[in-house]
Amino acid sequence: MTPLPPSFSEREALWLAPFAMRSADSRGRRYPQEEQPYRGPFQRDRDRILHCGAWRRLSGKMQVFTGDRGDYHRTRLTHTMEVASIARTIGRGLGLNEDLIEALALLHDLGHPPFGHAGEDALAECLERDGGFSHNRHAITIVEELERRYPDFPGLNLTAEVLSGQATRIDKTTPAAAPLLEVQVVETADSITYDAHDTDDAVKLGLVTLDELSQLELIRATVAEVRVRWGNIEPNMLRKATVHELIDRQVRDVLQTSAATIALAAPASAAAACRAGWLIHPSAELAARKAELEAFLYERVYRHADLVQVRRLAQRQMRELFDALAARPERLPPKYRDRIAQVGQRRAAAEFIAGMTDRYCVQQYDEIVGT
Ligand code: MG
């Protein structure tokens with residue numbers, strides 16, 4: 001008789017480092033559910049996020065650039081997939097729980113409203129006297145309350161580890177105990193990912209040139225390495241090779257630095273790793289180089305006049321749409337009208353808008369306000 005394949009706990013026992021989070025140690029779900037023999041709890045969380053409606057709408061939400069600039073650049077969905085991929089690479093290298101990492105990565109931007117951070121700022125302004133709006137907190141509202149996909153409980157009933165991992169993203173200014181290493185990996189991978197892909201998109205869309213970016217030490221050294229390997233390649237290939245190298249360089253650095261930090265702290269369990277503080281990070285040198293790149297991207301790309309104009313228009317439309325919906329909640333779809341009893345008229349309107357894609361938001365604006 002063919003032996004049964006190993007259970008997820010047996011697989012984890014074989015592969016995971018002592019400081020990784022184990023499925024068997026999970027604090028479980030709010031609504032207890034029987035485990036499945038072939039899928040561990042974090043793998044199940046990953047799948048639940050992947051199958052929910054809010055996940056699919058990420059394809060229509062902007063990262064940095066809206067759809068008026070063609071189809072090359074990243075959307076919130078492709079950004080999320082890149083974060084998950086890079087985070088898994090780092091997690092695997094360090095012997096961490098990849099299923100948990102992937103679930104956390106897929107969840108991390110799920111609460112983004114249309115039009116990225118500009119949209120978030122607009123909603124925060126609308127709810128200024130009603131508790132504000134945070135996309136990181138909204139991701140939890142989505143998976144705890146707004147998604148309705150199971151007959152016996154609201155939300156996705158995710159594990160405590162995935163929910164508390166996302167919760168650490170809400171307020172990064174208040175020092176708190178370090179989260180699980182898997183959470184730290186996703187946080188670090190997010191930064192690696194956007195530094196690399198925003199560089200790629202900005203050059204491809206012609207907002208800056210690779211020459212201009214080469215004033216920065218990180219890009220200069222990266223381009224130099226590409227040239228040593230491939231010589232004088234044509235500009236498009238140079239950009240692509242530079243972006244691959246930029247990811248590789250950051251991942252290598254984070255793996256080396258974090259492996260050394262972990263070896264020094266020698267945590268014997270996931271809980272001990274949290275007590276040891278932040279162990280996953282780039283070297284001080286790379287952190288400084290990344291800060292230079294981010295400052296440059298902020299000035300030259302995120303604050304580019306064309307982008308500012310698009311964002312201002314979107315913010316104005318979102319505020320006007322919010323005012324119209326908050327004043328006339330009968331225009332909300334039934335799902336959000338039902339939310340009024342729990343969260344009030346204003347937040348229910350904001351939650352409806354937060355779930356929209358960029359395109360749907362403009363369409364709703366035209367239909368409800370623009371007439
Ligand atoms: Mg992100």
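The values are calculated or read from the model by the stated rules, or taken from the named source; none is laboratory data. The shown structure was predicted, so the numbers you read here are calculated from the model rather than taken from an experiment. No Cβ is skipped: glycine too gets one built from the backbone with ideal geometry, and neighbour counts run over all protein chains shown.
Can you spot a residue in segment 270-280 that is among the β-branched types (Val, Ile, Thr) and under 17 Å from ASP190 (Cβ atoms)? Yes, segment 270-280 has at least one match.
Within segment 152-174, residues that are farther than 15 Å from ALA103 by Cα and without any contact (Cβ under 8 Å) to a residue 12 or more places away in the chain have Cβ atoms under 7 Å from residues that are basic (Lys, Arg) and not in a loop (DSSP other than H, G, I, E, B) in these pairs: PRO154/ARG148, counting only partners at least 6 apart in sequence or on another chain. Of all residues in segment 268-324, those satisfying the criterion of being under 30 Å from PRO179 (Cα atoms) and not in a helix (DSSP H, G or I) are ALA268, SER269, ALA276, GLY277, TRP278, LEU279, ILE280, HIS281, PRO282, SER283.
Screening segment 99-110 for residues that are within 11 Å of the ligand (Cβ to nearest atom) and of a type outside the set (A, V, I, L, M) and picking the one that is farthest from ILE353 (Cα to Cα) gives HIS108.
If you take the residues in segment 69-86 that are in contact with a Ser or Thr (Cβ under 8 Å, 6 or more places away or on another chain) and within 21 Å of ALA259 (Cβ to Cβ), which one is nearest to the ligand (Cβ to nearest atom)? Across segment 69-86, the extreme among qualifying residues is VAL83. Answer yes or no: is there a residue in segment 350-359 that is in contact with a Gly (Cβ under 9 Å, 6 or more places away or on another chain), over 16 Å from THR141 (Cβ atoms) and exposed (fewer than 15 other Cβ atoms within 10 Å of the Cβ). Yes: one or more hits.
For GLY70, are the conditions met, namely being surrounded by fewer than 24 Cβ atoms within 10 Å (Cβ to Cβ) and within 21 Å of ASP248 (Cβ to Cβ)?
Judged against the criteria, GLY70 is not a match.
Matching residues to (1) closer than 17 Å to ARG57 by Cα; (2) crowded, with 23+ Cβ neighbours inside 10 Å; (3) out of contact with any helix residue (DSSP H, G or I) (no Cβ under 7 Å at 6 or more places or on another chain):
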position	(1), (2), (3)
GLU98	no, yes, no
PRO113	yes, yes, no
ASP152	no, no, yes
ALA176	no, no, yes
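Within segment 196-206, restricting attention to residues that are more than 16 Å from the ligand (Cβ to nearest atom) and not hydrophobic (A, V, I, L, M, F, W, C), the residue that is surrounded by the fewest Cβ atoms within 10 Å (Cβ to Cβ) is GLY206.
Just to verify a result, which residue in segment 46-62, among those that are free of Cβ contacts under 8 Å to residues at least 60 places away in the same chain and surrounded by 14 or more Cβ atoms within 10 Å (Cβ to Cβ), is nearest to the ligand (Cβ to nearest atom)? Ranking the qualifying residues of segment 46-62, first place goes to LEU58.
The C-beta contact set for segment 1-30 (first residue under 14 Å from LEU96 (Cβ atoms) and in a helix (DSSP H, G or I), second residue of a type in the set (D, E, K, R) and modelled with pLDDT under 95, distance under 7 angstrom, 6+ apart or interchain) comprises SER23/GLU12. Scanning segment 48-98 for residues that are in a loop (DSSP other than H, G, I, E, B) and under 20 Å from THR193 (Cβ atoms) yields LYS61, GLN63, VAL64, PHE65, THR66, ASP71, TYR72, HIS73, ARG74, LEU96, ASN97.
None of THR193, THR173, THR209 is of a type in the set (Ser, Thr, Tyr) and within 14 Å of the ligand (Cβ to nearest atom) except THR193.
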